[in-house]
Amino acid sequence: LIPLMGIHGYIVVLYASEIFNFTLSLGRLMKVADLRPRLWSWIIKPLFCVALPGFLLGNLSPLLAPYLSSDVARVVLAISLTVLSYFALLRLTGSLRQEDITWMKEILSLGRRRKDNLPQAPHGQRAL
């Protein structure tokens, strides 16, 4: 593809190889960690939770435009509302549980404490 399509062919090859590598790596990780894919919980609910606020705020932004004088303010407001709505919907749908939040806080605070005291993985899953 590269001689025929130039830089566009290179980009196609790059994306295809990265997707292929990701697929193989994810399959291996799930086999080694003995994880079962949960399409509804891992893919569908989070996609819904991000699509709904994005769609609603995309349609509401023309209504907010007269009240915000700057494009930067509109973008910051839209991003903030989308992120807050996303996490609120994740909590409402049960995709983000309290134990997940606690686990993430432990991961993020890891740099402030000893490295040999690693947090446990949520949902009774084995940590790698």
**Study point:** Cβ-Cβ under 8 Å pairs, at least 6 apart or on other chains, region 83-101 side at negative phi, far side open to solvent by 100 Å² or more (accessible area, probe 1.4 Å) and in a helix (DSSP H, G or I)
**Key:** Leu89/Phe48; Thr93/Phe48; Leu96/Phe87
Study note, to complete from the structure: Those residues of region 20-57 which are closer than 30 Å to Ala88 by Cβ, touching a residue at least 24 places away in the same chain (Cβ under 8 Å) and not in a helix (DSSP H, G or I) amount to Ala33, Leu35
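Per-residue answers, yes or no, for (1) at pLDDT 90 or above; (2) under 25 Å from Leu26 (Cβ atoms); (3) open to solvent by less than 40 Å² (accessible area, probe 1.4 Å):
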| residue | (1), (2), (3) |
| --- | --- |
| Pro37 | no, yes, no |
| Gly58 | no, no, no |
| Ile79 | no, no, no |
| Leu92 | yes, no, no |
| Met104 | no, yes, no |
| Ser109 | no, no, yes |
| Lys115 | no, no, no |
| Pro119 | no, yes, yes |
| His123 | no, yes, no |
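The values are calculated or read from the model by the stated rules, or taken from the named source; none is laboratory data. Quick caveat, the model's predicted, so the values are computed rather than measured. Virtual Cβ from ideal backbone geometry, glycine too; neighbours counted across all protein chains shown. Ligands, DNA and RNA are excluded from the accessible area calculation, which covers all protein heavy atoms including side chains. Shrake-Rupley method; radii C 1.70, N 1.55, O 1.52, S 1.80 Å.
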